[in-house]
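The values are calculated or read from the model by the stated rules, or taken from the named source; none is laboratory data. Keep in mind that what you see is a predicted model, and the values were worked out from it rather than measured. In this analysis, Cβ positions are derived from the backbone assuming ideal geometry, glycine residues included, and neighbour counts consider all displayed protein chains. Only protein heavy atoms, including side chains, enter the accessible area calculation; ligands, DNA and RNA are left aside. Shrake-Rupley method; radii C 1.70, N 1.55, O 1.52, S 1.80 Å.
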Amino acid sequence: MKRFIIAGNWKMNIPPSLDEYRAVLKNPAPERVTAVICPPAPFIPYVADFPDFISVGAQDVSEHDSGSYTGETSAAMLSVFGVKYAIVGHSERRASHFEVDELVNRKTKAALRAGLSPIVCVGETLAEREAGRTVEVVTRQIGAVFGSLSDAERESCVAAYEPIWAIGTGLAAAPEDADAMCAEISKIARCPVLYGGSVSLANAESILSQAHIDGALIGGASLDADAFSRIIAIAAELSA
Ligand code: PEP
């Protein structure tokens, strides 16, 4: 039986009412689905107080364990607040915070050292896709992070295929294309592989039905408690 991970990335947004959001999630814990919400860092304690079936994730983590790194938060500190997952290498951070593959590798290892599960994001730009370089780019990104990880470390990892042109655009990848890339990623990463990029209530079922897609990383739609909890329910149904 398949297990799914449904992770919400709120980015630098919060739902209009956290209390109302929390109330919508009060349905029974879904079987065989791990649900994760990654809020902006100051809201981690609120999400840690959500129903138990919601795990808390961070949107980023420092590569360092402690020290003079103003503005950074270590994986161990996140763990104290109940954080179980940390997104690393999100394309928005790769683009605007100079996160190159080597840094994403170090952040992945920092998360693992503190017992967090890194959600390692990879994906190609539209220009790379149009140049026929998708597989080359994505396998380079995955190889750079996972090449130096042991089998035991991989067991705690999650990978997320997020084509950059699909993020926040409403233009999700075709389910079969996403599936093919997730299959490629899975061969190298040997861990669950999520798809991210304009996942919505309307397309969740067709995406999650694909053989090599183990869940979704969801931005915009995760801010809507109803849509997010219904996507979790779709995953639960598909896993049954
Ligand atoms: C994301 O932020 O990782 C993402 C996939 O966003 P969206 O679902 O809004 O495209």
Of the candidates Val120, Val138, the one satisfying the condition of being part of a helix (DSSP H, G or I) and in contact with a strand residue (DSSP E or B) (Cβ under 9 Å, 6 or more places away or on another chain) is Val138
Helices (runs of 4 or more DSSP H) (entirely within the stretch 146-240) containing at least 1 residues that are open to solvent by less than 40 Å² (accessible area, probe 1.4 Å), within 15 Å of the ligand (Cβ to nearest atom) and touching a strand residue (DSSP E or B) at 6+ places or on another chain (Cβ under 6 Å): 175-189, 204-208, 225-239
Only residues that are surrounded by 16 or more Cβ atoms within 10 Å (Cβ to Cβ) and within 16 Å of the ligand (Cβ to nearest atom): list them for the stretch 118-145, please. Pro118, Ile119, Val120, Cys121, Val122, Gly123, Glu124, Thr125, Arg129, Val138, Gln141
Given (1) loosely packed, with under 15 Cβ neighbours inside 10 Å; (2) within 26 Å of Gly168 (Cα to Cα), index of the condition Phe81 fails: (2)
For the stretch 88-104, how many residues are more than 16 Å from the ligand (Cβ to nearest atom) and at negative phi? 4
